[in-house]
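The values are calculated or read from the model by the stated rules, or taken from the named source; none is laboratory data. Just so it is clear, the structure is predicted and the values come from calculations on it, not from any experiment. Cβ coordinates were reconstructed from backbone atoms using ideal geometry, including for glycine residues, and neighbour counts include every protein chain displayed. Ligands, DNA and RNA are stripped out before the accessible areas are found, and what is left, the full protein with its side chains, is counted by its heavy atoms. Shrake-Rupley method; radii C 1.70, N 1.55, O 1.52, S 1.80 Å.
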Amino acid sequence: EVSGSHVLQVRADGTRVADFEFNDRGRGPKIHEEIGVASDGTLASVQVSGHSYMGAPAQETFRIADGRASWESTLERGDAPAGGFYVPHDGTPEQQAVLARALLSAPGQRMDLLPAGIASIEAVATQAVEHAGQTRTATLYAVSGLDLTPQYLWLDEARELFALAYGWMGLTPQGWGGALETLQAVQDRAEQDYHRRLATELTGELPANWILRNVAVVDVESGTLLPDRLVAVSDGRIVKVTANEMPDLPVYGDLQPRIIDGQGQTLIPGLWDMHTHLSLADGLLQIAAGVTAARDLANDPERLAEVRAAFDSGEVIGPRSVAAGFIDKRSPYSAPTGRLAETLEEALAMVREYAEAGYPQVKIYSSIEPEWVPPIAAEAHARGMRLSGHIPSYMTARQAVLDGFDEIQHVNMLFLNFLAGPEDDTRTPLRFKLVAEQAGGMDLDAPQVRDFIALLKERGIVVDPTVTIFDSMFRHRSGQLDPSYAMIAEHMPPAVRRGMLGGEMDIDDSNAATYARSADALLGMIARLHAAGVPLVAGTDAMPGFTLHRELELYRQAGIGNADVLRIATLDAARVAGAAAESGSISVGKRADFVLLAGNPLEDISAVRRPVAVFKGDRWYDPAKLYEAVGIRPFTR
């Protein structure tokens with residue numbers, strides 16, 4: 001469905017005036033941009049005004065005068081000798097096309113970026129598409145240097161922007177939306193080829209029988225460190241965990257195993273990310289971070305099946321995974337993925353389809369009618385499935401639990417139980433704003449809060465806090481490094497690091513302290529949930545790998561002990577995912593999915609940021625090489 005517009009006007013003097021906006025569940029950017037193009041195709045001037053996706057103001061200017069380039073925005077200001085292509089923080093799609101044209105005309109199709117970095121472009125594919133008797137030929141280009149993986153765009157015969165394809169959404173000339181499916185399929189193949197090449201170059205194959213010796217094994221069940229251990233593996237599964245007794249280990253008979261020396265470093269089970277929306281681009285970052293398993297909580301079923309198959313086969317680097325079927329009701333605020341139910345009968349039919357397809361869980365979203373929850377829960381439970389999700393608008397979390405929820409996504413939903421009134425539409429960004437403005441003033445030890453937490457404990461309700469995204473949202477002031485990623489920023493490519501300056505909400509002197517107190521309250525709630533015995537799982541819903549590390553650090557900051565934090569991200573997650581027989585601990589019979597760390601997370605949970613080797617069954621990966629392949633400076637050597 002049409003959800004926005006991009007309108008381009010080219011003035012007589014060559015100035016390109018673009019207006020871009022779209023509505024995504026009440027969120028979305030609204031940007032006005034005026035671009036002056038120099039003779040070499042670079043930017044001579046830029047003026048940007050409006051607001052970004054979550055409402056933070058977007059004001060930016062760039063100009064060249066007397067041989068120098070200068071820029072100023074709500075995030076930064078600077079100047080440098082003229083030369084190179086300036087990349088605005090909040091540009092419209094037209095800015096991407098201007099950059100592509102400049103790169104195509106540049107020597108070697110490479111160009112310096114301002115303030116820093118280098119971009120390059122490569123033609124990937126050409127595709128003819130038809131509409132209303134017309135045929136257009138579009139070329140797919142991959143632009144490298146703006147992000148960790150290439151960004152793709154389609155230009156027409158005149159090198160004007162023709163399409164952007166993002167899976168869940170896209171952009172085409174008016175009336176040409178039917179071409180997106182074809183263009184998306186071509187782009188998907190190009191992305192698959194890129195990630196296949198990385199897997200071929202960066203995957204280490206292990207023999208059927210191998211031994212990792214001289215390691216300290218973390219027993220996540222007891223929360224203790226077992227020093228000087230040896231782990232023997234056969235056909236991708238652990239066959240022995242014992243004292244370091246080489247070479248007298250009768251595991252393989254007369255067969256000689258490969259022996260790997262762990263050099264006294266710490267071995268932990270592979271981490272689980274319990275809140276993802278998987279794509280091919282996620283896999284490398286997850287494996288590099290020690291995430292060997294993930295749970296997908298909303299995706300296009302066909303695209304997800306392709307991603308999971310590519311990860312499982314090793315064709316593309318990525319974690320093992322489980323998935324939840326996703327259901328929302330059609331509304332102006334519907335989720336931008338999956339099928340949408342018009343009626344309760346359609347929603348129940350979708351539950352049955354997911355059950356027949358083997359999904360262990362259903363996730364529902366904010367537009368589901370509250371009265372639909374009990375029958376959906378009953379249908380899911382009758383088929384052995386769990387039910388989780390956002391709390392539907394105009395419904396309390398308490399009622400959702402009483403009506404059959406098994407799990408709640410996002411810690412803000414717990415606060416809305418107390419802060420949202422019966423007329424508040426929490427399908428909109430109100431679900432963030434209410435919590436940002438009022439959570440810090442709540443008494444988390446009030447009787448109604450204690451009673452609610454007791455209900456969660458009594459019913460065994462799992463909570464998936466994804467607290468990092470809210471901590472970032474409530475604390476990140478535009479122009480400063482995002483506190484959730486400040487500790488990794490210097491390792492990032494320049495363009496990625498610069499992107500970490502952009503805040504989401506409109507935070508200023510008038511509300512910064514209020515929002516920060518609310519961020520503290522989220523951690524206070526997590527501490528009380530854990531102390532009461534409410535099961536937690538660690539998920540991200542954000543940048544793969546690094547966000548999970550931050551999520552665990554925030555649990556520790558909330559007062560949860562290191563051993564408990566690590567168990568939440570390993571064995572507890574595997575239990576909730578129904579995979580504890582295969583994953584979650586370093587135990588005989590389980591898959592050989594584990595991570596060798598340069599540090600002990602029982603002493604410092606941030607040691608999870610320093611993996612030196614990641615093992616996934618019969619494959620192993622060097623995180624330093626994975627990071628270098630996408631332009632990240634490694635965290636260990």
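The table below gives the values:
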quantity	calculated
Whether the stretch 70-131 is rounded, prolate or oblate, judged on the alpha carbon gyration tensor where a/c under 1.5 counts as rounded	oblate
Rounded to whole Å, sorted largest first: equivalent-ellipsoid semi-axes of the stretch 424-548, Cα gyration tensor	28, 18, 12
Sparse-neighbour loop sites [chymotrypsin sites (Phe, Trp or Tyr not before Pro); the stretch 424-525; at most 14 other C-beta within 10 Å; DSSP]	none
All-pairs Cα distance distribution in the chain, expressed in whole percent, bin size 20 Å	18, 51, 29, 3, 0
Global form of the stretch 14-79, assessed from the alpha-carbon gyration tensor, a/c cut-off 1.5	oblate
As computed over the stretch 138-190, the Cα convex hull volume per residue (Å³)	84 Å³
Three-way shape label, the stretch 85-188, alpha-carbon gyration tensor, a/c 1.5	prolate
Relative contact order for the chain, counting Cα pairs under 8 Å that sit 6 or more residues apart, in percent	13 percent
Proximal lysines to LYS433, defined as alpha-carbon separation beneath 30 angstrom and excluding residues fewer than eight positions away on the same chain	LYS30, LYS329, LYS363, LYS457
Area accessible to solvent at MET54, 1.4 Å probe radius, in Å²	30 Å²
Cross-link partners of LYS625 among aspartates and glutamates (Cα-Cα below 12 Å; sequence separation of 8 or more within a chain)	GLU201
Debye, to nearest 20: dipole size of the chain, +1 on Lys, Arg Cβ, -1 on Asp, Glu Cβ	980 debye
Reachable lysines, given that their alpha-carbon falls under 18 Å from the alpha-carbon of LYS590 and they are not under 8 places away in the same chain	LYS240, LYS616
Alpha carbon convex hull of the stretch 19-135, projected area averaged over orientations, nm²	9.5 nm²
Sequence of MET525, MET111 from largest to smallest accessible area, 1.4 Å probe	MET111, MET525
Solvent-accessible heavy-atom area per residue, rounded to whole Å², over the chain at 1.4 Å	40 Å²
Pairwise centroid distance, computed over Cα atoms, of the stretch 398-426 with the stretch 22-76, Å	38 Å
Label point distance in nm, ALA512-SER331, each placed 7 Å from Cα along Cα→Cβ	3.6 nm
Shape parameters for the stretch 525-587, alpha-carbon atoms, Rg then Dmax in Å	11.7, 33
Per-residue SASA entry for HIS131, accessible area with 1.4 Å probe, Å² rounded to 10	70 Å²
Contact order relative to length of the stretch 149-245, as percent, for alpha carbon pairs under 8 angstrom and 6 or more apart	14 percent
Loop GluC sites (Glu not before Pro), the stretch 396-496, which have at most 12 other Cβ atoms in a 10 Å radius of their Cβ (DSSP)	GLU423
Span per principal axis, largest first, for the Cα atoms of the stretch 174-244 (Å)	67, 29, 17
SER5 accessible area, 1.4 Å probe, all protein chains in place, Å² to nearest 10	50 Å²
Between the stretch 80-134 and the stretch 458-501, the Cα center-to-center distance that results, in Å	28 Å
Spin-label model distance (nm) - ALA132 vs ARG68, 7 Å beyond Cα toward Cβ	5.1 nm
Inter-centroid distance (Cα atoms) of the stretch 564-591 relative to the stretch 313-357, Å	25 Å
Estimated [θ] at 222 nm from DSSP helical runs (n ≥ 4, -39500 (n - 2.57)) normalised by residues in the chain, nearest 500	-9000 deg cm²/dmol
Relative contact order %, the stretch 1-157, counting alpha carbon pairs below 8 Å whose residues are six or more apart	13 percent
Listed residues THR224, THR15 arranged by accessible area, highest first, probe 1.4 Å	THR224, THR15
List MET473, MET169, ordered by accessible area with a 1.4 Å probe, largest first	MET169, MET473
Under 5 Å, built H, 5+ apart or other chain: amide partners of ALA323	ASP296
Accessible carbon and sulfur surface of the chain relative to its total accessible area, %, 1.4 Å	47 percent
